[in-house]
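To start, the structure itself, in structure tokens.
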Amino acid sequence: MTKVSTGSRLHQGSEQIRSRTAATSVDPHNARPGVEAASLSDVGLQRSNNEDASLYWEPEGEEDFRRKGRLAVIADGMGGYEGGQEASRLAVETVRHVYDSFVENDPQKALIEALESAHSNIQRYAAEHPQFHGMGTTCTALSIVGRQLCFAHVGDSRLYLVREAKTSRLTRDHSYVSRLVESGIVRSEDAESHPQRHILTAALGSGAQVEPDIPESPVPLQEGDTLVLCTDGLWSLVGEQELGHAVQAHTPAKSCHALVNMALERGGTDNITVLVLRISA
């Protein structure tokens, strides 16, 4: 039950935005009861290639599913046309492989090890392919075991929790502007339009070591909660309240279309990827 998705190149003018989006959806019927899941990725209106990747995965065996639950990953690559694509692909594939192979009953520890392994694999790949020097990627990975959420995060892709009328961001951007906000130099309301918002302070493949952000403890989920993973091509153009309203008003699949269309209508300046998971009965 693995789905790895990347976007395709589509350019046909703003009046055809709603028909031009290339859907890569996780069919809700392919997920076990308890979660509805869908994803969508689009190259945007100003890029010629898509360096985003996403994945939704469940173990095939029931015993493995009981221990490992569900895995979702999103990554936004950097490093040129092929470098960024390879970095994001390596990230999601490595995370899935390590998480699947992890033998301890500790989903949070498995996610940390998965991102650390992806970091090493990307660096190894870059060393073996000098033309990809500088390749790297953001990566946000989550697992849901029962109704307990764990996650690990590096970069500036985001994880949101939408519960009733409240939208909460669960991740912290590893970016230069985020540091300025934390230091009180830049107001939080100005951060997402700041001209240097894309400068990352941490990414898989960059630096000697990587230390993923994790929650202090697993986050308890309840029926009706919706989790949204997205790259900066979405959140830089769609506000938190708009995101929350969209996922509350639609099914996961339709909310993916609504959010991507919203970003496209506002210029689609980057690749846009979103993965939505709703906790159901």
Would you call Ser120 part of a helix (DSSP H, G or I), modelled with pLDDT of 95 or more and surrounded by fewer than 22 Cβ atoms within 10 Å (Cβ to Cβ)? yes
I'm trying to understand the selection: among the residues of the stretch 34-56, which are part of a strand (DSSP E or B) and surrounded by fewer than 21 Cβ atoms within 10 Å (Cβ to Cβ)? Glu36
Of all residues making up the stretch 69-106, the number that are hydrophobic (A, V, I, L, M, F, W, C), more than 22 Å from Leu227 (Cβ to Cβ) and in contact with a strand residue (DSSP E or B) (Cβ under 7 Å, 6 or more places away or on another chain): 2
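Is there a residue in the stretch 68-79 that is among the β-branched types (Val, Ile, Thr), outside any loop (DSSP other than H, G, I, E, B), under 14 Å from the mean Cα position of the chain (by Cα) and modelled with pLDDT of 95 or more?
Yes, the stretch 68-79 contains a residue that is among the β-branched types (Val, Ile, Thr), outside any loop (DSSP other than H, G, I, E, B), under 14 Å from the mean Cα position of the chain (by Cα) and modelled with pLDDT of 95 or more.
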Residues in the stretch 35-45: is at least one small (Gly, Ala, Ser), within 17 Å of the chain's Cα centre (by Cα) and on the phi > 0 side of the Ramachandran plot? yes
Looking only at the stretch 69-78, which residues are more than 17 Å from Ile279 (Cβ to Cβ) and surrounded by fewer than 24 Cβ atoms within 10 Å (Cβ to Cβ)? Met78
Conditions (1) closer than 16 Å to Val274 by Cα; (2) buried (at least 24 other Cβ atoms within 10 Å of the Cβ) -> Gly83 fails only (1)
Scan of the stretch 258-281 for residues that are of a type outside the set (S, T, N, Q) and farther than 15 Å from Gly44 by Cβ, ordered by number: Ala258, Leu275, Val276, Leu277, Arg278, Ile279, Ala281
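Among the residues of the stretch 199-209, which ones are surrounded by 15 or more Cβ atoms within 10 Å (Cβ to Cβ) and either out of contact with any Ser or Thr (no Cβ under 9 Å at 6 or more places or on another chain) or not hydrophobic (A, V, I, L, M, F, W, C) (or both)?
Taking the stretch 199-209 first, the residues surrounded by 15 or more Cβ atoms within 10 Å (Cβ to Cβ) are 200-206.
Thr201, Gly205, Ser206, listed by residue number.
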Enumeration of residues in the stretch 225-267 that are part of a loop (DSSP other than H, G, I, E, B) and crowded, with 24+ Cβ neighbours inside 10 Å: Thr231
If you check Ile279, Ile272, which single one turns out to be buried (at least 24 other Cβ atoms within 10 Å of the Cβ) and either closer than 25 Å to Cys150 by Cα or among the basic types (Lys, Arg) (or both)? Ile272
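The values are calculated or read from the model by the stated rules, or taken from the named source; none is laboratory data. On a predicted model such as this, the values are computed, not experimentally measured, just so you know. Cβ atoms come from the backbone with ideal geometry, glycine included; neighbour counts cover every protein chain shown.
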